[in-house]
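Have a look at the structure below before the remarks.
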Amino acid sequence: MNDGLQQLFPSFSTDLLQAITDKGVDQTATAGSVLMRTGQYIKNTVLVTSGKIKIYREDADGGEFFMYYLQPGQACAISMVCATKSEKSQIMAKVVEEATLIAIPLPLMDKWMMEHRSWYEFVIDTYRSRFEEVLEVIDSIAFRAMDERLEFYLKRQKESCGCNDLKLSHQEIASDLNTSREVISRLLKKMEQHGLVQLHRNHIELLKI
C-alpha cells in the first residue's frame, strides 16, 4: 500500500487506496504544460500527488481569468462533472509547478461512486468546496472594485502557497484578473505606500495581508 497516497488522501478507505494503486495511471507533467484545454473531451480525472496546477477560463481573444489552484491531495471538480456527463471542458488547466498525477479513467469514476463510500464522499466534498470557491470569485468580480479584487487575489495566493513571498510578475496577476499590467502596477504601488506589501523584482512580499 502506498503510504504517501494514504497521507495525501486520509479519508480514502483501504480498499479504495488499493484500487487506485492497482488501476490508476501515474503521470508526470512539466511546468508550463497544458493538461486540459477548452473544448476538449475529458476521459478521466486526475488526483494531484505533487506540484501545482492552475485552473482558469480563457476567452475568445486568449485572455485568461484565474479560478483556483489544484494542490496535492485534490482533484478537479469541473473535470469530474465534464467527464461523467461526457461534455467538453469549459476550462483550461496548466501546470505551474512540475506535478505528479494519478489519472482515474471515466468507467472507474462511475464504478467507484457505487462501490466505495469514501470515493463518493470525496467527489461530493470536492464539488462543494470548489463551488464555494467559485462563488467567492464571482462575488469578487460582481461586488468589489479592482483594488479589493487584487487584495482578495493576493490572499488566495498566500493561502495556496502557505507563504508571504509570492513569485508573481505584475503581468501574471493582470492576466489572472483580466486587466492591464499598468492597472496592477499602479494598485500594487499604492498598496506598498500603505505598508501592505513590499515590491521586489518578480516577487511580492506580503506584509499586512
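The single condition among (1) over 30 Å from Thr14 (Cα atoms); (2) in a helix (DSSP H, G or I); (3) under 22 Å from the mean Cα position of the chain (by Cα) that Ile124 does not meet is (1). Would you call Ala77 open to solvent by 60 Å² or more (accessible area, probe 1.4 Å), modelled with pLDDT under 85 and not aromatic (Phe, Trp, Tyr)? Here the answer is no, as Ala77 does not meet what is asked. Could you tell me whether Val183 is surrounded by 15 or more Cβ atoms within 10 Å (Cβ to Cβ), within 21 Å of Thr49 (Cβ to Cβ), among the aliphatic types (A, V, I, L, M) and not assigned by the TED database to the domain that holds Gly62? Considered against the rule, which asks whether it is surrounded by 15 or more Cβ atoms within 10 Å (Cβ to Cβ), within 21 Å of Thr49 (Cβ to Cβ), among the aliphatic types (A, V, I, L, M) and not assigned by the TED database to the domain that holds Gly62, Val183 comes out as no. Among the criteria (1) of a type in the set (Val, Ile, Thr); (2) modelled with pLDDT under 95; (3) over 24 Å from Asp176 (Cα atoms), the one Thr28 does not fulfil is (2). Residue under question is Glu136, and the condition is that it be without any contact (Cβ under 8 Å) to a residue 60 or more places away in the chain, more than 16 Å from Met67 (Cβ to Cβ) and part of a helix (DSSP H, G or I); does it hold? Here the answer is no, as Glu136 does not meet what is asked. Listed by first and then second residue, the pairs linking a residue in segment 107-128 that is farther than 14 Å from Gln18 by Cβ to a residue that is of a type in the set (Gly, Ala, Ser) and open to solvent by 60 Å² or more (accessible area, probe 1.4 Å), with Cβ atoms under 9 Å apart and 6 or more places separating them unless they lie on different chains, are Glu121/Ser11; Phe122/Ser11; Asp125/Ser11. For the list (1) open to solvent by less than 70 Å² (accessible area, probe 1.4 Å); (2) within 30 Å of Leu17 (Cα to Cα), I need the number of the one condition that Leu150 fails. The single condition Leu150 does not satisfy is (2). Within segment 168-188, residues that are within 20 Å of Lys158 (Cβ to Cβ) sit with their Cβ atoms under 8 Å from residues that are in a helix (DSSP H, G or I) and hydroxyl-bearing (Ser, Thr, Tyr), at 6+ positions apart or across chains, in these pairs: His170/Ser185; Ile173/Tyr153; Asp176/Tyr153; Leu177/Tyr153. Leu16 fulfils the conditions (1) surrounded by fewer than 18 Cβ atoms within 10 Å (Cβ to Cβ); (2) touching a His at 6+ places or on another chain (Cβ under 6 Å); (3) not small (Gly, Ala, Ser) except for a single criterion, (1).
Conditions tested, residue by residue: (1) in a strand (DSSP E or B); (2) in the same structural domain as Asn178 (by the TED database); (3) under 15 Å from Met109 (Cβ atoms); (4) more than 12 Å from the chain's Cα centre (by Cα).
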| site | (1), (2), (3), (4) |
| --- | --- |
| Gly4 | no, no, no, yes |
| Thr38 | no, no, no, yes |
| Thr45 | yes, no, yes, yes |
| Thr49 | yes, no, no, yes |
| Lys54 | yes, no, no, no |
| Tyr68 | yes, no, no, no |
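Given the criteria without any contact (Cβ under 8 Å) to a residue 60 or more places away in the chain, surrounded by 13 or more Cβ atoms within 10 Å (Cβ to Cβ) and in contact with a helix residue (DSSP H, G or I) (Cβ under 8 Å, 6 or more places away or on another chain), does Thr49 qualify? Yes; evaluated as a whole, the condition is true for this residue.
For Glu87, the criteria (1) open to solvent by 60 Å² or more (accessible area, probe 1.4 Å); (2) out of contact with any strand residue (DSSP E or B) (no Cβ under 9 Å at 6 or more places or on another chain); (3) farther than 29 Å from Arg149 by Cβ hold in every case but one, which is (2). Considering each of Lys88, Lys111 in turn, give the residue that is basic (Lys, Arg) and under 16 Å from Gly24 (Cβ atoms). Result of the check over Lys88, Lys111: Lys111.
The values are calculated or read from the model by the stated rules, or taken from the named source; none is laboratory data. Since we're looking at a predicted model, the values are computed, not measured. Reconstructed Cβ throughout: ideal geometry from the backbone, glycine too, with neighbour counts over all protein chains shown. These accessible areas exclude ligands, DNA and RNA; they are computed on the full protein's heavy atoms, side chains included. Shrake-Rupley method; radii C 1.70, N 1.55, O 1.52, S 1.80 Å.
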